[in-house]
Protein chains: 2
Amino acid sequence: MSRYQARNRRADAVRSRAAILDAALRLLRADPDASVEAIAAAADVTRQTVYAHFRSRERLLAAVVEQVTGETAAAMDAADPDTGPAAEALLRVLDAAARTAERYPGLVQAIVTNPVSPRTDREAHAPISERLIRVIERGRASGEFDAGLPAGWLATVTITLAHAAGEQVAAGLMPPEEAARAMRTTLLRALTPP
Amino acid sequence: MSRYQARNRRADAVRSRAAILDAALRLLRADPDASVEAIAAAADVTRQTVYAHFRSRERLLAAVVEQVTGETAAAMDAADPDTGPAAEALLRVLDAAARTAERYPGLVQAIVTNPVSPRTDREAHAPISERLIRVIERGRASGEFDAGLPAGWLATVTITLAHAAGEQVAAGLMPPEEAARAMRTTLLRALTPP
């Protein structure tokens, strides 16, 4: 195989991987149980090609989680986490994350109710936690947030309350605006020193 | 079949159901993936008998969840939810619930990371939520807790933060005492009006 052919083949592989991920995102959004067969068909590749890129459905799901996490992290970075009061920055960054997650409703629910694995899930969440912790550390340093509680715990509280509000909305128990307001009030209160 | 025989047969069925549930609790505690075969063997019945009582492994798991929920609710009731300041009652009741859950560590983790189904899970949690909501309503009425936020949201916050603290401990991220202290501080702050 010539160098030219090898380069072409690599470009093909990159394209088919992207097409599979794209199809997986679209299908899983509509149906969290979408099969590898259906994803392959939507990406216009064979089932074998999917398995050549992702060893199992679980691996494919993990790659999808990684992709969504990357988009979420980018949206958080675009929301000016390092500017202004930490409380406002935190709500801004959370809002940006929620807007990204809202684009993949079925998907986020699928991941929450059926995580790939607790460890994978924690690792996948790391880029999100890191960004929250940076804002939280800034708030702890400025005295806006309680420095008497570990930053990791405050990040857990933030993620947990944000997910809980999303679940209340998804379950039809609270209208979106009420859930957002309740979440913000509770969260800021929980973070603020006495 | 005589009435006497029929009564005997019913008593046998009750005993074998109890033995299966008991074995399931013991085995799932050690290994959340314990098979129906292993549970049948531990209960000294056949696999067919297990399926005669519980149509599927999922149904058996749901019955186990119901059993643990019942024990938890009883422990909460024994912790004097209706006496004294609501904040103290809430922490007392949560503590009683946590002590019951601690008796089934593998099991609670199995349910959290792999819920039977979000709906079943919510229904199974109902007796626990109801007890928390009763204390929360009392605190909202007395002004100890914020009546400006829905009682259902405050119960969600309570359950969510309690689970989060448990997960931090299970993942080795926080020592149990630190997690309990952080959870109590955060929770009471979140519930207290400004």
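Values in this text are rule-based calculations from the coordinates and carry no lab data. Being a predicted model, the structure only gives us computed values, none of them experimental. Note that we place each Cβ from the backbone using ideal geometry, even for glycine, and neighbour counts take in every protein chain shown.
Put the label 7 Å from Cα along Cα→Cβ for A:Arg26; what are its distances to the other copies, in nanometres, shortest first?
A:Arg26 label point versus its equivalents elsewhere: 5.4 nm.
Would you work out the relative contact order for chain A, in percent, from Cα pairs under 8 angstrom that are 6 or more residues apart? Could the numbers behind the result be given before it?
Numbers: 165 pairs, mean separation 34.0, N = 194.
Normalised by residue count, the contact order of chain A is 18 percent.
If I model a spin label at A:Asp31 and A:Arg15 as a point 7 Å from the Cα along the Cα→Cβ vector, what separation in nanometres do I get?
Between A:Asp31 and A:Arg15, the label points sit 2.8 nm apart.
Sort B:Ser2, B:Ser56, B:Ser16 so that the residue with the fewest other Cβ atoms within 10 Å of its own Cβ comes first and the one with the most comes last.
If I rank by nearby Cβ atoms, fewest first, I get B:Ser2, B:Ser56, B:Ser16.
Going by how many other Cβ atoms sit within 10 Å of their own, how do B:Val157, B:Val36 line up, fewest first?
Result, fewest neighbours first: B:Val36, B:Val157.
In peptide A:150-157, what is the residue-averaged number of other protein chain Cβ atoms found within 10 Å of each Cβ? All intermediate terms of the calculation are to be shown ahead of the outcome.
Numbers: counts 6, 0, 4, 13, 2, 0, 11, 10.
Per residue, the average neighbour count from other chains is 6.
Placing a label point 7 Å from Cα toward Cβ, how far apart in nm is A:Arg7 from its equivalents in the other copies, listed shortest first to one decimal?
With the label placed 7 Å along Cα→Cβ, A:Arg7 yields 9.1 nm.
Put the label 7 Å from Cα along Cα→Cβ for A:Leu173; what are its distances to the other copies, in nanometres, shortest first?
Reported distances to equivalent positions: 2.1 nm.
Cα atoms only, the range A:1-54: Rg and Dmax in Å?
12.7, 42
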